[in-house]
Protein chains: 2
Amino acid sequence: MSRRPPATVAVTVDLVVLTIRDGGLRVLLIERGNEPFRGEPALPGGFLRPEEDLDAAAARELEEETGLRGLHLEQIGAYGAPDRDPRQRIVTVAYLAIMPDLPEPLAGSDASGAAWTPAAEALDGRIRLAFDHADILADAVELARTKLEQTTLATVFCPAEFTIAELRGVYETVWNTDRIDPRNFHRKVLGAEGFVEATGERRALETGRPASLYRRAGEVRGLYPPMLRP
Amino acid sequence: MSRRPPATVAVTVDLVVLTIRDGGLRVLLIERGNEPFRGEPALPGGFLRPEEDLDAAAARELEEETGLRGLHLEQIGAYGAPDRDPRQRIVTVAYLAIMPDLPEPLAGSDASGAAWTPAAEALDGRIRLAFDHADILADAVELARTKLEQTTLATVFCPAEFTIAELRGVYETVWNTDRIDPRNFHRKVLGAEGFVEATGERRALETGRPASLYRRAGEVRGLYPPMLRP
DNA sequence: AAAATAGTGTCTATAAGACAATATTCT
DNA sequence: AGAATATTGTCTTATAGACACTATTTT
(Lines give C-alpha, C1' and ligand atoms only; values in the text may rest on other atoms or scores of the structure.)
Protein backbone atom coordinates (compact mmCIF):
# COMPACT_ATOMS: atom_id res chain seq x y z
CA MET A 1 0.00 0.00 0.00
CA SER A 2 1.30 3.45 -0.89
CA ARG A 3 2.18 5.54 2.15
CA ARG A 4 0.96 9.09 2.04
CA PRO A 5 0.05 11.26 4.96
CA PRO A 6 -3.65 10.66 5.57
CA ALA A 7 -5.97 13.62 5.24
CA THR A 8 -6.93 15.39 8.42
CA VAL A 9 -10.63 14.76 8.44
CA ALA A 10 -13.39 15.45 10.88
CA VAL A 11 -16.33 13.07 10.93
CA THR A 12 -19.84 14.26 11.63
CA VAL A 13 -23.19 12.54 11.76
CA ASP A 14 -26.11 14.32 10.13
CA LEU A 15 -29.76 13.43 10.55
CA VAL A 16 -32.68 13.48 8.16
CA VAL A 17 -35.65 13.26 10.52
CA LEU A 18 -38.89 12.80 8.64
CA THR A 19 -42.49 12.86 9.77
CA ILE A 20 -45.87 13.53 8.24
CA ARG A 21 -47.69 16.60 9.44
CA ASP A 22 -50.70 18.38 7.99
CA GLY A 23 -50.80 15.87 5.17
CA GLY A 24 -47.27 16.57 3.96
CA LEU A 25 -43.83 15.05 4.36
CA ARG A 26 -41.77 17.24 6.68
CA VAL A 27 -38.13 17.30 7.61
CA LEU A 28 -36.60 18.60 10.82
CA LEU A 29 -34.29 21.51 10.03
CA ILE A 30 -32.30 23.73 12.32
CA GLU A 31 -31.21 27.28 11.78
CA ARG A 32 -27.44 27.39 11.85
CA GLY A 33 -26.00 29.45 14.69
CA ASN A 34 -22.44 29.65 13.37
CA GLU A 35 -20.61 30.37 10.18
CA PRO A 36 -20.61 29.17 7.53
CA PHE A 37 -24.24 29.39 6.42
CA ARG A 38 -25.12 31.19 9.66
CA GLY A 39 -28.86 31.70 9.93
CA GLU A 40 -29.61 29.31 7.08
CA PRO A 41 -31.50 26.05 7.41
CA ALA A 42 -29.54 22.83 7.69
CA LEU A 43 -29.90 19.24 8.77
CA PRO A 44 -29.21 18.65 12.46
CA GLY A 45 -25.97 16.88 13.21
CA GLY A 46 -22.74 16.99 15.09
CA PHE A 47 -19.27 15.62 15.51
CA LEU A 48 -18.61 11.99 16.17
CA ARG A 49 -17.23 11.56 19.69
CA PRO A 50 -14.02 9.69 20.42
CA GLU A 51 -15.53 6.55 21.94
CA GLU A 52 -18.73 6.44 19.99
CA ASP A 53 -19.94 4.16 17.23
CA LEU A 54 -21.60 5.84 14.24
CA ASP A 55 -25.01 4.38 15.05
CA ALA A 56 -24.66 5.52 18.66
CA ALA A 57 -23.73 9.02 17.56
CA ALA A 58 -26.81 9.16 15.36
CA ALA A 59 -29.03 7.98 18.23
CA ARG A 60 -27.47 10.55 20.58
CA GLU A 61 -27.95 13.40 18.12
CA LEU A 62 -31.50 12.29 17.53
CA GLU A 63 -32.23 12.35 21.23
CA GLU A 64 -30.60 15.77 21.59
CA GLU A 65 -32.80 17.16 18.84
CA THR A 66 -36.09 15.48 19.66
CA GLY A 67 -35.84 14.27 23.24
CA LEU A 68 -36.86 10.85 21.97
CA ARG A 69 -35.11 7.50 22.06
CA GLY A 70 -35.76 4.30 20.19
CA LEU A 71 -36.94 5.89 16.97
CA HIS A 72 -36.34 4.12 13.71
CA LEU A 73 -32.86 5.00 12.46
CA GLU A 74 -30.86 3.70 9.52
CA GLN A 75 -27.75 4.77 7.70
CA ILE A 76 -28.11 6.53 4.37
CA GLY A 77 -24.46 6.78 3.41
CA ALA A 78 -21.28 8.80 3.68
CA TYR A 79 -20.69 12.15 1.98
CA GLY A 80 -17.18 13.45 1.55
CA ALA A 81 -16.70 15.90 -1.29
CA PRO A 82 -13.53 17.83 -0.41
CA ASP A 83 -15.21 21.25 -0.60
CA ARG A 84 -18.50 20.35 1.06
CA ASP A 85 -17.51 22.39 4.12
CA PRO A 86 -15.49 25.55 3.43
CA ARG A 87 -13.76 25.49 6.85
CA GLN A 88 -12.18 22.09 6.94
CA ARG A 89 -12.36 18.66 5.47
CA ILE A 90 -15.47 16.98 6.83
CA VAL A 91 -16.85 13.58 6.01
CA THR A 92 -20.40 13.13 7.21
CA VAL A 93 -22.34 9.96 7.70
CA ALA A 94 -26.03 10.62 7.16
CA TYR A 95 -28.85 8.79 8.91
CA LEU A 96 -32.54 8.59 8.20
CA ALA A 97 -34.87 8.80 11.19
CA ILE A 98 -38.62 8.50 11.02
CA MET A 99 -41.15 9.36 13.69
CA PRO A 100 -44.89 9.79 14.05
CA ASP A 101 -46.37 13.27 14.18
CA LEU A 102 -46.31 13.95 17.90
CA PRO A 103 -48.52 16.71 19.23
CA GLU A 104 -45.97 18.02 21.75
CA PRO A 105 -43.27 20.38 20.60
CA LEU A 106 -39.89 18.75 20.34
CA ALA A 107 -38.24 18.66 23.72
CA GLY A 108 -34.59 19.04 24.47
CA SER A 109 -33.56 20.53 21.20
CA ASP A 110 -30.36 22.47 21.72
CA ALA A 111 -30.46 24.04 18.29
CA SER A 112 -31.75 27.50 17.68
CA GLY A 113 -34.99 27.22 15.78
CA ALA A 114 -35.59 23.59 14.98
CA ALA A 115 -38.62 23.41 12.75
CA TRP A 116 -40.63 20.94 10.75
CA THR A 117 -40.28 22.11 7.17
CA PRO A 118 -42.14 20.73 4.15
CA ALA A 119 -39.67 18.40 2.44
CA ALA A 120 -40.90 19.44 -0.98
CA GLU A 121 -39.74 23.03 -0.43
CA ALA A 122 -36.21 21.88 0.38
CA LEU A 123 -36.17 19.38 -2.48
CA ASP A 124 -37.24 21.78 -5.21
CA GLY A 125 -35.01 24.64 -4.04
CA ARG A 126 -37.62 27.00 -2.63
CA ILE A 127 -35.70 26.59 0.60
CA ARG A 128 -31.93 26.45 0.14
CA LEU A 129 -30.13 24.18 2.58
CA ALA A 130 -26.58 24.64 3.83
CA PHE A 131 -23.68 22.50 2.60
CA ASP A 132 -24.74 19.52 0.45
CA HIS A 133 -27.73 18.89 2.67
CA ALA A 134 -30.18 19.12 -0.21
CA ASP A 135 -28.41 16.15 -1.82
CA ILE A 136 -28.54 14.21 1.42
CA LEU A 137 -32.21 14.99 1.85
CA ALA A 138 -32.96 13.85 -1.69
CA ASP A 139 -31.16 10.55 -1.06
CA ALA A 140 -33.02 10.16 2.22
CA VAL A 141 -36.43 10.67 0.67
CA GLU A 142 -35.62 8.26 -2.13
CA LEU A 143 -34.49 5.70 0.46
CA ALA A 144 -37.71 6.15 2.41
CA ARG A 145 -39.76 5.71 -0.76
CA THR A 146 -37.99 2.47 -1.61
CA LYS A 147 -38.22 1.13 1.93
CA LEU A 148 -41.95 1.76 1.91
CA GLU A 149 -42.20 -0.62 -0.99
CA GLN A 150 -40.09 -3.37 0.44
CA THR A 151 -40.44 -3.16 4.20
CA THR A 152 -43.03 -2.34 6.85
CA LEU A 153 -41.37 1.06 7.35
CA ALA A 154 -44.61 2.96 6.77
CA THR A 155 -45.81 1.92 10.23
CA VAL A 156 -43.13 4.01 11.96
CA PHE A 157 -44.72 7.15 10.53
CA CYS A 158 -47.87 6.16 12.44
CA PRO A 159 -48.65 6.44 16.15
CA ALA A 160 -48.93 3.26 18.23
CA GLU A 161 -52.46 2.60 16.99
CA PHE A 162 -53.66 3.56 13.56
CA THR A 163 -56.26 2.76 10.94
CA ILE A 164 -55.63 1.27 7.52
CA ALA A 165 -56.70 4.58 6.01
CA GLU A 166 -53.99 6.40 8.01
CA LEU A 167 -51.41 3.91 6.83
CA ARG A 168 -52.58 4.44 3.28
CA GLY A 169 -52.14 8.17 3.83
CA VAL A 170 -48.48 7.55 4.66
CA TYR A 171 -47.95 5.87 1.31
CA GLU A 172 -49.80 8.56 -0.58
CA THR A 173 -47.82 11.31 1.13
CA VAL A 174 -44.33 9.82 0.92
CA TRP A 175 -44.80 8.62 -2.64
CA ASN A 176 -46.46 11.94 -3.49
CA THR A 177 -48.95 9.98 -5.49
CA ASP A 178 -52.61 10.14 -6.33
CA ARG A 179 -55.15 8.36 -4.27
CA ILE A 180 -54.27 4.71 -3.84
CA ASP A 181 -57.34 2.50 -4.19
CA PRO A 182 -58.53 2.11 -0.58
CA ARG A 183 -60.11 -1.27 -1.22
CA ASN A 184 -57.12 -2.96 -2.83
CA PHE A 185 -54.77 -1.35 -0.31
CA HIS A 186 -56.86 -2.63 2.59
CA ARG A 187 -56.90 -6.18 1.29
CA LYS A 188 -53.18 -6.14 0.52
CA VAL A 189 -52.05 -4.82 3.90
CA LEU A 190 -54.11 -7.36 5.82
CA GLY A 191 -52.89 -10.12 3.52
CA ALA A 192 -49.19 -9.38 4.07
CA GLU A 193 -47.50 -11.37 6.80
CA GLY A 194 -46.08 -9.41 9.71
CA PHE A 195 -47.27 -5.97 8.67
CA VAL A 196 -50.05 -4.98 11.09
CA GLU A 197 -52.10 -6.72 13.76
CA ALA A 198 -55.57 -5.83 14.93
CA THR A 199 -56.00 -4.29 18.37
CA GLY A 200 -59.70 -5.21 18.49
CA GLU A 201 -60.55 -1.53 19.00
CA ARG A 202 -62.33 0.77 16.60
CA ARG A 203 -62.15 4.47 16.10
CA ALA A 204 -65.06 6.66 15.07
CA LEU A 205 -64.26 9.67 12.89
CA GLU A 206 -66.69 12.50 12.24
CA THR A 207 -68.68 10.44 9.82
CA GLY A 208 -68.77 7.01 8.26
CA ARG A 209 -68.29 3.55 9.62
CA PRO A 210 -65.68 3.42 12.39
CA ALA A 211 -62.39 1.91 11.30
CA SER A 212 -60.65 -0.94 13.07
CA LEU A 213 -57.41 -0.02 14.78
CA TYR A 214 -54.15 -1.80 14.17
CA ARG A 215 -50.67 -1.72 15.56
CA ARG A 216 -47.28 -2.44 14.00
CA ALA A 217 -46.59 -6.19 14.07
CA GLY A 218 -43.12 -6.33 15.62
CA GLU A 219 -40.07 -4.64 14.16
CA VAL A 220 -39.67 -3.16 10.72
CA ARG A 221 -38.99 -6.06 8.38
CA GLY A 222 -39.07 -7.10 4.75
CA LEU A 223 -42.47 -7.13 3.15
CA TYR A 224 -43.72 -9.96 0.99
CA PRO A 225 -45.31 -9.41 -1.35
CA PRO A 226 -43.97 -5.85 -1.65
CA MET A 227 -46.22 -2.80 -1.93
CA LEU A 228 -45.61 -1.77 -5.53
CA ARG A 229 -45.14 1.92 -6.20
CA PRO A 230 -47.57 3.17 -8.88
CA MET B 1 -25.19 22.39 19.13
CA SER B 2 -23.05 21.14 21.99
CA ARG B 3 -19.40 21.97 21.57
CA ARG B 4 -17.04 19.18 22.39
CA PRO B 5 -13.64 18.52 20.90
CA PRO B 6 -14.29 16.40 17.82
CA ALA B 7 -12.69 12.98 17.75
CA THR B 8 -9.45 12.65 15.88
CA VAL B 9 -10.48 10.28 13.17
CA ALA B 10 -8.79 8.90 10.11
CA VAL B 11 -10.98 8.04 7.15
CA THR B 12 -10.19 5.12 4.90
CA VAL B 13 -11.90 3.63 1.89
CA ASP B 14 -12.13 -0.16 1.72
CA LEU B 15 -13.09 -2.20 -1.32
CA VAL B 16 -15.08 -5.37 -1.72
CA VAL B 17 -14.14 -6.43 -5.25
CA LEU B 18 -16.23 -9.36 -6.42
CA THR B 19 -15.99 -11.57 -9.47
CA ILE B 20 -17.06 -15.06 -10.47
CA ARG B 21 -14.27 -17.54 -11.11
CA ASP B 22 -14.41 -21.32 -11.44
CA GLY B 23 -18.15 -21.23 -10.82
CA GLY B 24 -17.88 -19.49 -7.44
CA LEU B 25 -18.18 -15.98 -6.06
CA ARG B 26 -14.73 -14.67 -5.23
CA VAL B 27 -13.50 -11.62 -3.38
CA LEU B 28 -10.19 -9.85 -3.82
CA LEU B 29 -8.20 -10.05 -0.59
CA ILE B 30 -4.74 -8.82 0.23
CA GLU B 31 -2.32 -10.14 2.78
CA ARG B 32 -1.60 -7.39 5.26
CA GLY B 33 2.02 -6.24 5.29
CA ASN B 34 1.85 -4.31 8.56
CA GLU B 35 0.56 -4.69 12.05
CA PRO B 36 -2.08 -5.14 13.18
CA PHE B 37 -3.21 -8.36 11.57
CA ARG B 38 0.11 -8.63 9.74
CA GLY B 39 0.05 -11.55 7.33
CA GLU B 40 -3.67 -12.00 7.60
CA PRO B 41 -6.15 -11.52 4.79
CA ALA B 42 -8.05 -8.23 4.55
CA LEU B 43 -10.01 -6.13 2.13
CA PRO B 44 -7.90 -3.76 0.05
CA GLY B 45 -8.18 -0.11 0.97
CA GLY B 46 -6.34 2.98 1.96
CA PHE B 47 -6.54 6.44 3.42
CA LEU B 48 -8.67 9.13 1.92
CA ARG B 49 -6.46 11.85 0.45
CA PRO B 50 -6.84 15.51 1.34
CA GLU B 51 -8.37 16.73 -1.92
CA GLU B 52 -10.25 13.62 -2.87
CA ASP B 53 -13.94 12.79 -2.89
CA LEU B 54 -14.95 9.43 -1.42
CA ASP B 55 -16.01 8.03 -4.79
CA ALA B 56 -12.74 9.18 -6.32
CA ALA B 57 -10.75 7.53 -3.56
CA ALA B 58 -12.56 4.27 -4.18
CA ALA B 59 -11.90 4.47 -7.91
CA ARG B 60 -8.23 5.23 -7.27
CA GLU B 61 -7.83 2.34 -4.85
CA LEU B 62 -9.57 0.06 -7.28
CA GLU B 63 -7.22 1.04 -10.05
CA GLU B 64 -4.19 0.57 -7.77
CA GLU B 65 -5.35 -2.93 -6.91
CA THR B 66 -6.55 -4.12 -10.29
CA GLY B 67 -5.02 -1.81 -12.88
CA LEU B 68 -8.54 -1.26 -14.20
CA ARG B 69 -10.67 1.84 -14.50
CA GLY B 70 -14.34 2.30 -15.14
CA LEU B 71 -15.49 -0.76 -13.23
CA HIS B 72 -18.85 -0.73 -11.54
CA LEU B 73 -18.50 0.83 -8.10
CA GLU B 74 -21.07 1.77 -5.50
CA GLN B 75 -21.00 2.73 -1.86
CA ILE B 76 -21.97 0.13 0.72
CA GLY B 77 -21.84 2.30 3.82
CA ALA B 78 -19.67 3.65 6.61
CA TYR B 79 -18.25 1.59 9.47
CA GLY B 80 -17.01 3.30 12.58
CA ALA B 81 -17.02 1.15 15.71
CA PRO B 82 -14.53 2.80 18.07
CA ASP B 83 -12.41 -0.33 18.47
CA ARG B 84 -12.49 -1.57 14.93
CA ASP B 85 -8.82 -0.65 14.52
CA PRO B 86 -6.63 -1.13 17.60
CA ARG B 87 -4.15 1.58 16.61
CA GLN B 88 -6.35 4.61 16.14
CA ARG B 89 -9.86 5.70 15.51
CA ILE B 90 -10.69 4.87 11.92
CA VAL B 91 -13.95 5.32 10.08
CA THR B 92 -14.02 3.47 6.81
CA VAL B 93 -16.35 3.94 3.88
CA ALA B 94 -16.79 0.64 2.07
CA TYR B 95 -17.43 0.27 -1.65
CA LEU B 96 -18.62 -2.64 -3.72
CA ALA B 97 -16.84 -3.21 -7.03
CA ILE B 98 -17.77 -5.88 -9.53
CA MET B 99 -15.75 -7.08 -12.49
CA PRO B 100 -15.81 -9.93 -14.99
CA ASP B 101 -13.39 -12.80 -14.58
CA LEU B 102 -10.43 -11.57 -16.57
CA PRO B 103 -7.87 -14.13 -17.69
CA GLU B 104 -4.82 -11.91 -17.01
CA PRO B 105 -3.45 -11.65 -13.51
CA LEU B 106 -4.28 -8.37 -11.84
CA ALA B 107 -1.82 -5.71 -12.92
CA GLY B 108 -0.46 -2.89 -10.83
CA SER B 109 -1.40 -4.31 -7.50
CA ASP B 110 0.88 -2.77 -4.91
CA ALA B 111 -0.28 -5.12 -2.18
CA SER B 112 1.65 -8.17 -1.18
CA GLY B 113 -0.30 -11.19 -2.23
CA ALA B 114 -3.59 -10.03 -3.67
CA ALA B 115 -5.68 -13.11 -4.35
CA TRP B 116 -9.15 -14.11 -5.45
CA THR B 117 -10.60 -15.98 -2.50
CA PRO B 118 -13.91 -17.86 -2.43
CA ALA B 119 -16.34 -15.51 -0.72
CA ALA B 120 -18.04 -18.42 1.04
CA GLU B 121 -14.85 -19.25 2.97
CA ALA B 122 -14.62 -15.71 4.31
CA LEU B 123 -18.34 -15.53 5.05
CA ASP B 124 -18.54 -18.74 7.05
CA GLY B 125 -15.32 -18.14 8.98
CA ARG B 126 -13.05 -20.72 7.40
CA ILE B 127 -10.92 -17.73 6.48
CA ARG B 128 -10.74 -15.08 9.19
CA LEU B 129 -10.52 -11.52 7.91
CA ALA B 130 -8.79 -8.65 9.66
CA PHE B 131 -10.74 -5.88 11.44
CA ASP B 132 -14.50 -5.97 10.84
CA HIS B 133 -13.95 -6.89 7.22
CA ALA B 134 -16.08 -10.03 7.50
CA ASP B 135 -19.06 -7.83 8.42
CA ILE B 136 -18.36 -5.52 5.52
CA LEU B 137 -18.06 -8.47 3.14
CA ALA B 138 -21.37 -9.89 4.38
CA ASP B 139 -23.10 -6.55 3.78
CA ALA B 140 -21.49 -6.32 0.35
CA VAL B 141 -22.69 -9.75 -0.73
CA GLU B 142 -26.18 -9.03 0.53
CA LEU B 143 -26.16 -5.77 -1.40
CA ALA B 144 -25.04 -7.57 -4.56
CA ARG B 145 -27.79 -10.16 -4.13
CA THR B 146 -30.44 -7.48 -3.78
CA LYS B 147 -29.13 -5.44 -6.70
CA LEU B 148 -29.26 -8.54 -8.88
CA GLU B 149 -32.97 -8.67 -8.25
CA GLN B 150 -33.71 -5.06 -8.90
CA THR B 151 -31.13 -3.86 -11.40
CA THR B 152 -29.18 -5.08 -14.40
CA LEU B 153 -26.09 -5.45 -12.20
CA ALA B 154 -25.57 -9.11 -13.18
CA THR B 155 -24.24 -7.99 -16.55
CA VAL B 156 -21.15 -6.40 -14.98
CA PHE B 157 -20.04 -9.84 -13.81
CA CYS B 158 -19.98 -10.84 -17.48
CA PRO B 159 -17.44 -10.00 -20.20
CA ALA B 160 -18.44 -7.65 -23.01
CA GLU B 161 -20.27 -10.42 -24.86
CA PHE B 162 -22.04 -13.24 -23.11
CA THR B 163 -24.77 -15.83 -23.51
CA ILE B 164 -28.03 -16.00 -21.61
CA ALA B 165 -26.75 -19.19 -19.96
CA GLU B 166 -23.69 -17.31 -18.67
CA LEU B 167 -25.90 -14.57 -17.28
CA ARG B 168 -28.02 -17.20 -15.63
CA GLY B 169 -24.89 -18.66 -14.09
CA VAL B 170 -24.21 -15.29 -12.46
CA TYR B 171 -27.58 -15.39 -10.74
CA GLU B 172 -27.14 -18.98 -9.65
CA THR B 173 -23.70 -18.27 -8.26
CA VAL B 174 -24.37 -15.00 -6.45
CA TRP B 175 -27.68 -16.19 -5.06
CA ASN B 176 -26.08 -19.53 -4.23
CA THR B 177 -29.23 -21.17 -5.45
CA ASP B 178 -30.24 -24.29 -7.26
CA ARG B 179 -30.57 -24.35 -10.95
CA ILE B 180 -32.83 -21.57 -12.20
CA ASP B 181 -35.13 -22.84 -14.96
CA PRO B 182 -33.21 -21.96 -18.14
CA ARG B 183 -36.35 -21.59 -20.21
CA ASN B 184 -38.20 -19.17 -17.97
CA PHE B 185 -34.99 -17.24 -17.29
CA HIS B 186 -34.32 -16.88 -20.99
CA ARG B 187 -37.79 -15.56 -21.72
CA LYS B 188 -37.71 -13.16 -18.79
CA VAL B 189 -34.33 -11.62 -19.59
CA LEU B 190 -35.24 -10.98 -23.20
CA GLY B 191 -38.59 -9.60 -22.15
CA ALA B 192 -37.12 -7.03 -19.74
CA GLU B 193 -36.52 -3.58 -21.16
CA GLY B 194 -32.92 -2.36 -21.22
CA PHE B 195 -31.28 -5.49 -19.88
CA VAL B 196 -29.39 -7.08 -22.80
CA GLU B 197 -29.21 -6.52 -26.54
CA ALA B 198 -28.30 -9.09 -29.18
CA THR B 199 -24.96 -8.80 -30.95
CA GLY B 200 -26.10 -10.99 -33.84
CA GLU B 201 -23.20 -13.35 -33.16
CA ARG B 202 -23.39 -16.89 -31.86
CA ARG B 203 -20.98 -18.93 -29.85
CA ALA B 204 -20.50 -22.66 -30.17
CA LEU B 205 -19.58 -24.57 -27.02
CA GLU B 206 -18.32 -28.13 -26.99
CA THR B 207 -21.75 -29.53 -27.58
CA GLY B 208 -25.31 -28.42 -28.15
CA ARG B 209 -26.86 -25.71 -30.21
CA PRO B 210 -24.74 -22.54 -30.27
CA ALA B 211 -26.08 -19.74 -28.11
CA SER B 212 -26.72 -16.22 -29.28
CA LEU B 213 -24.42 -13.59 -27.83
CA TYR B 214 -25.63 -10.49 -26.07
CA ARG B 215 -24.11 -7.39 -24.59
CA ARG B 216 -25.17 -5.17 -21.71
CA ALA B 217 -27.77 -2.62 -22.87
CA GLY B 218 -26.31 0.65 -21.61
CA GLU B 219 -25.56 1.38 -17.99
CA VAL B 220 -26.69 -0.55 -14.96
CA ARG B 221 -30.27 0.51 -14.26
CA GLY B 222 -33.43 -0.52 -12.50
CA LEU B 223 -35.05 -3.67 -13.78
CA TYR B 224 -38.74 -3.97 -14.44
CA PRO B 225 -40.14 -6.43 -13.79
CA PRO B 226 -37.49 -7.46 -11.22
CA MET B 227 -35.80 -10.87 -11.23
CA LEU B 228 -37.34 -12.47 -8.17
CA ARG B 229 -35.01 -14.39 -5.89
CA PRO B 230 -36.24 -17.94 -5.29
C1' DA C 1 -83.14 8.63 4.19
C1' DA C 2 -78.77 10.61 2.79
C1' DA C 3 -73.96 10.95 3.15
C1' DA C 4 -69.69 9.22 4.26
C1' DT C 5 -66.21 5.99 5.19
C1' DA C 6 -64.99 0.84 6.07
C1' DG C 7 -64.65 -3.47 4.32
C1' DT C 8 -65.69 -7.70 1.00
C1' DG C 9 -66.34 -9.92 -3.42
C1' DT C 10 -65.58 -10.44 -8.29
C1' DC C 11 -63.55 -9.93 -12.64
C1' DT C 12 -59.54 -9.19 -15.86
C1' DA C 13 -54.82 -8.64 -17.18
C1' DT C 14 -50.19 -9.72 -16.17
C1' DA C 15 -46.51 -12.38 -14.70
C1' DA C 16 -44.28 -16.50 -12.47
C1' DG C 17 -43.32 -21.23 -12.58
C1' DA C 18 -43.81 -25.97 -14.48
C1' DC C 19 -42.81 -28.35 -18.31
C1' DA C 20 -43.64 -30.12 -23.35
C1' DA C 21 -41.86 -29.55 -27.73
C1' DT C 22 -38.76 -27.93 -31.29
C1' DA C 23 -34.02 -26.33 -33.09
C1' DT C 24 -29.21 -26.79 -33.81
C1' DT C 25 -25.04 -28.37 -32.98
C1' DC C 26 -21.13 -32.27 -31.92
C1' DT C 27 -19.75 -37.19 -31.56
C1' DA D 1 -28.80 -41.70 -34.47
C1' DG D 2 -27.91 -40.03 -29.88
C1' DA D 3 -26.54 -36.54 -26.68
C1' DA D 4 -26.41 -32.00 -25.32
C1' DT D 5 -27.72 -27.31 -25.05
C1' DA D 6 -30.73 -23.32 -26.93
C1' DT D 7 -35.10 -21.47 -27.75
C1' DT D 8 -40.16 -21.28 -28.19
C1' DG D 9 -44.74 -22.37 -26.71
C1' DT D 10 -48.42 -23.76 -23.51
C1' DC D 11 -50.65 -24.40 -19.30
C1' DT D 12 -51.62 -23.33 -14.37
C1' DT D 13 -51.55 -20.39 -10.56
C1' DA D 14 -50.83 -16.09 -8.01
C1' DT D 15 -51.27 -11.32 -7.80
C1' DA D 16 -52.33 -6.39 -9.23
C1' DG D 17 -55.75 -3.31 -10.38
C1' DA D 18 -60.53 -1.95 -11.55
C1' DC D 19 -64.71 -1.63 -9.59
C1' DA D 20 -69.54 -3.34 -7.87
C1' DC D 21 -71.46 -4.13 -3.70
C1' DT D 22 -72.38 -4.54 1.34
C1' DA D 23 -71.71 -2.71 6.28
C1' DT D 24 -71.84 0.75 9.79
C1' DT D 25 -71.85 5.00 11.42
C1' DT D 26 -73.46 10.41 11.78
C1' DT D 27 -76.62 14.00 10.38
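The values are calculated or read from the model by the stated rules, or taken from the named source; none is laboratory data. Worth saying up front: this structure is predicted, and the values here are computed from it rather than measured. For neighbour counting, all protein chains shown are included, and Cβ atoms are generated from backbone atoms with ideal geometry for every residue, glycine included. Surface accessibility is based on the protein's heavy atoms, side chains included, excluding ligands, DNA and RNA. Shrake-Rupley method; radii C 1.70, N 1.55, O 1.52, S 1.80 Å.
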Review point. What total accessible surface area, summed over both chains, is buried at the interface between chains A and B, computed with a 1.4 Å probe and given in Å² to the nearest 100?
Key: 2900 Å²
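Calculate the mean, over all residues of peptide A:47-55, of how many other protein chain Cβ atoms lie within 10 angstrom of the residue's Cβ.
Mean number of neighbouring Cβ atoms from other chains: 6.
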Practice item. Would you tally the net charge around B:Gly24, using a Cβ to Cβ cut-off of less than 12 Å, leaving B:Gly24 out, and scoring K and R as +1, D and E as -1? Key: -2
**Study point:** Sites B:Ser212 and A:Arg229 - FRET efficiency at Förster radius 35 Å, r taken between beta-carbons, to 0.05
**Key:** 0.55
**Study point:** Of B:Leu25, B:Leu129, B:Leu213, the one that fluctuates the most in a GNM where chain B has Cα springs shorter than 10 Å
**Key:** B:Leu213
Study note, to complete from the structure: Connecting every pair of Cα atoms under 10 Å apart in chain A and solving the GNM, the largest mean-square fluctuation among A:Pro44, A:Pro100, A:Pro210 falls on A:Pro210
Exercise for review: Report the closest approach of any chain A C-beta to the axis of the A-to-B rotation: residue and distance, in whole angstrom.
Suggested key: A:Ala78, 2
Review point. Taking R0 as 41 Å, what's the FRET efficiency between A:Arg179 and B:Asp178 from their Cβ-Cβ distance, rounded to 0.05?
Key: 0.45
**Study point:** Within region A:198-230, backbone nitrogen closer than 19 Å to the virtual label 7 Å beyond the Cα of B:Gln150 toward Cβ
**Key:** A:220-230
Study note, to complete from the structure: Given a Förster distance of 56 Å, the FRET efficiency implied by the Cβ-Cβ spacing of B:Asp101 and A:Glu51, rounded to the nearest 0.05, works out to 0.85
Review point. Taking a probe of 1.4 angstrom, what is the accessible area of B:Leu205 in Å², to the nearest 10?
Key: 90 Å²
Exercise for review: With a probe of 1.4 Å, find how much accessible area region A:10-149 has per residue, and write the answer as a whole number in Å².
Suggested key: 40 Å²
Exercise for review: Take chain B, compute every pairwise Cα distance, and split them into 5 Å bins from 0; I just need the percent in each bin.
Suggested key: 1, 6, 13, 17, 18, 14, 11, 8, 5, 3, 2, 1, 0, 0, 0
Review point. How far is B:Ala138 from itself in the other copies, in nm, if each label sits 7 Å out from Cα along the Cα-Cβ line, shortest first?
Key: 3.4
Revision key, fill the gap. The rounded separation in angstrom of the Cα centers of region A:173-230 and region B:140-190 is 34 Å
Exercise for review: Please work out whether the protein assembly as shown counts as rounded, prolate or oblate from its C-alpha gyration tensor, where a ≥ b ≥ c are the square roots of the eigenvalues and a/c under 1.5 means rounded, while otherwise a/b larger than b/c means prolate and anything else oblate?
Suggested key: oblate
Point to revise | Whole-number percent relative contact order across chain B, with pairs defined as alpha carbons under 8 Å at least 6 apart | key: 20 percent
Study note, to complete from the structure: Ignoring ligands and nucleic acids, A:Trp175 exposes an accessible area, probe 1.4 Å, in Å² to the nearest 10, of 20 Å²
**Study point:** For residues of B:59-66, the mean tally of beta carbons on other chains within 10 Å
**Key:** 1
Point to revise | q = 0.17, 0.26 Å⁻¹, region B:151-216: log10 I(q)/I(0) [Debye, one scatterer per Cα] | key: -0.58, -1.34
Exercise for review: Give the Rg/Rh ratio for region B:110-226, taking Rg as the radius of gyration of the Cα atoms and Rh as the Kirkwood radius, to two decimals.
Suggested key: 1.03
Point to revise | Karplus-derived HN-Hα couplings along region B:123-128 (A = 6.51, B = -1.76, C = 1.60, θ = phi - 60°), whole Hz, x at Gly and Pro | key: 6, 9, x, 4, 10, 8
Check your understanding: Averaged across the residues of A:70-81, what count of C-beta atoms belonging to other chains lies within 10 Å of each residue's C-beta?
Key -> 4
Study note, to complete from the structure: For region A:166-171, in residue order, the Karplus 3J(HN,Hα) values (coefficients 6.51, -1.76, 1.60; θ = phi - 60°; whole Hz; Gly and Pro = x) are 5, 5, 4, x, 4, 4
Exercise for review: Along Cα-to-Cβ, 7 Å out, sits the label point; list in nm, shortest first, how far the one on B:Gln150 is from those in the other copies.
Suggested key: 0.3
Check your understanding: Can you list, shortest first in nanometers, how far B:Gly222 lies from the same residue in the other copies, with each label 7 Å from Cα toward Cβ?
Key -> 2.0
Point to revise | region B:32-45 - phi-based ³J(HN,Hα) in whole Hz, Karplus 6.51/-1.76/1.60, Gly and Pro as x | key: 5, x, 10, 6, x, 6, 4, x, 9, x, 8, 6, x, x
Review point. Which peptide among A:191-197, B:47-53 comes first, and what is the full order, when sorted by highest mean count of other Cβ atoms within 10 Å?
Key: B:47-53, A:191-197
